[in-house]
Amino acid sequence: MAEKGKFFAVAITRTCGSGGGSYIGKKIAADYGIDVYDRKLLRLAADNSGINEKIFASADEDTKKTLLYRVSKKVYNGEAIPPESGNFLSDENLYKYQADVLRELLDKESYVCIGRAADYVLKDKPNVLSVYLDAPYDWRVERETRRQGISAFEAIRYINRLDKYRESYYTYHTGRKWKDPSNYDLCLNTASLGLDGCVSMIEYYLKLKFGVEMP
């Protein structure tokens, strides 16, 4: 397996409509018999912090409804917010506890993580493969139109809104540009490779980079 550590992680970042995050993450996890973490992180972060999972989930959803990332000019410094603070249940604490869980997990198991700025959270850990999934904009619009049964105008609004949120979330918590290819080990076009082709490429990269045997 990997030389620098017993376990490995695949950190997947994806644009809205590229179609790859959930399918590719779950397929890789199934092939290696490991877990995939996205929303499941809320439960683990709740366990780790002692805060009710429903409160964490609410904070996660509320973040998408606010102007926090669009209006903020600063970058979160990674500090935990104490319980006596009025901001204890803020997204900053949600991010902090999720980041702690991801780092601790990698000492115990291999896994796939979708979103959550995992590439940055795990940047100092060994055996982490960061992947960026994208596709041409028109292709993404057409895909969301078909997938959701909505108009092209509605698909454009949906994609732009979610991409803006993901970009702002990433920049706020990492201080880096979301679409900068230098942040990632591997950048893949899901439209040209296909989802299964992306899975094969990622698994081959794991073998080349870390010596992880292909399933």
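The values are calculated or read from the model by the stated rules, or taken from the named source; none is laboratory data. None of these values were measured; they are calculated from a predicted model. Here the Cβ is made from the backbone with ideal geometry for all residues, glycine too, and neighbour counts use every protein chain on show. Quick note on the areas: whole protein, heavy atoms, side chains included, nothing else; ligands and nucleic acids left out. Shrake-Rupley method; radii C 1.70, N 1.55, O 1.52, S 1.80 Å.
Overview of values
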| item | result |
| --- | --- |
| Count of the range 1-23 residues which are at pLDDT 95 or above and aliphatic (A, V, I, L, M) | 4 |
| Considering residues of the range 121-156 that are among the hydrophobic types (A, V, I, L, M, F, W, C) and in contact with a strand residue (DSSP E or B) (Cβ under 7 Å, 6 or more places away or on another chain) only, the residue nearest to residue 14 (Cα to Cα) | 133 |
| Test: residue in the range 127-142 that is part of a helix (DSSP H, G or I) and open to solvent by less than 60 Å² (accessible area, probe 1.4 Å) | yes |
| Residue count for the range 156-210, restricted to those that are touching a residue at least 40 places away in the same chain (Cβ under 8 Å), outside any helix (DSSP H, G or I) and open to solvent by 30 Å² or more (accessible area, probe 1.4 Å) | 6 |
